[in-house]
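Written below as structure tokens is the structure these notes are about.
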Amino acid sequence: MNGNRSVFVSELEVLDEAVFTQERFSKWYNILVDFAVESIDILREEIGNIDGITYEINTVLLHEVVFDAIVGLKTIVTSENNEVEAPNPFKIAAYLGYWFLRHKPIIFRAEQNFDVEELFEDGGYDENKRKEIIMDIKHLNEVAVARFLISYIFKVDASPVCKKNQFKKIKSSGCMFFDNFEDMLDTVFEKLKYFLTYREISPKTIEHFLEAYSLHPYLPYRCDLWNTEE
């Protein structure tokens, strides 16, 4: 009761028996857990265990990531302006990635008075690499999302669709800035991390980024991206 007004609150039904099932919720949740764990492990392999820094995954927040993503995706399916029965992979990746960044379930803890900028000043890395690692330490949620987004759309561990002789033809035409496709993919990943960290984002902008990346068939896709089947 608020003054003379009554406010009625009811629990929102998020899951259903059609598109957004418990099975799909669990699948998306487990995918995000895997990328969160993988990102922590990769960082630790690169920098080792540093006294004063710890990471953990807040599973309560991670549940909220998937629930909020489903709520957003439901508006697409139920909207009278859309004639779709289920969201396509671009939208799924975009909404999961967006809400991951909103909730930031990877928790970074540092001891009092710990200065991350002083790491690796004694050598071992050049200055650019040192700055990159420190960025990854501070923004591991963004790193995990970038890794998830690219891997959800592309089979990054598969053999390239575009072979070396095809690359040479593209390179000789003057249409390719990079020395090889691996360099191109690395740059896409770094640019995506930067965008997720410093730019204003929404599911729509993430979706458009992923659609743009799919224009060049360097890597095979996970599925038929423009359909609603996973």
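The values are calculated or read from the model by the stated rules, or taken from the named source; none is laboratory data. Fair warning: this is a prediction, and the values are worked out from it, not measured in the lab. Note: ideal-geometry Cβ built from the backbone for every residue, glycine included; neighbour counts use all protein chains shown.
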Checklist entry - Which ones in the range 82-120 are basic (Lys, Arg) and part of a helix (DSSP H, G or I)? => result LYS91, ARG102
Checklist entry - Within the range 99-112, how many residues are farther than 15 Å from GLU56 by Cα and surrounded by 23 or more Cβ atoms within 10 Å (Cβ to Cβ)? => result 1
Next on the checklist: All but one of (1) surrounded by 12 or more Cβ atoms within 10 Å (Cβ to Cβ); (2) in a loop (DSSP other than H, G, I, E, B); (3) at pLDDT 85 or above hold for LYS27; state the number of the condition that does not hold.
Outcome noted: (2)
Item to check | Within the range 145-202, tally of residues that are farther than 28 Å from PHE100 by Cβ and of a type in the set (Ser, Thr, Tyr) | outcome: 3
Checklist outcome for this item: Selection over the range 131-179 where residues are part of a loop (DSSP other than H, G, I, E, B) and either of a type outside the set (Phe, Trp, Tyr) or buried (at least 17 other Cβ atoms within 10 Å of the Cβ) (or both) yields a count of 15
Item to check | Sole residue being at pLDDT 80 or above, touching a Ser or Thr at 6+ places or on another chain (Cβ under 6 Å) and of a type outside the set (Gly, Ala, Ser), chosen from GLU200, GLU142, GLU182, GLU211 | outcome: GLU142
Checklist entry - Taking into account only those residues within the range 43-62 that are assigned to a helix (DSSP H, G or I) and either polar (S, T, N, Q) or loosely packed, with under 15 Cβ neighbours inside 10 Å (or both), which is nearest to the chain's Cα centre (by Cα)? => result THR59
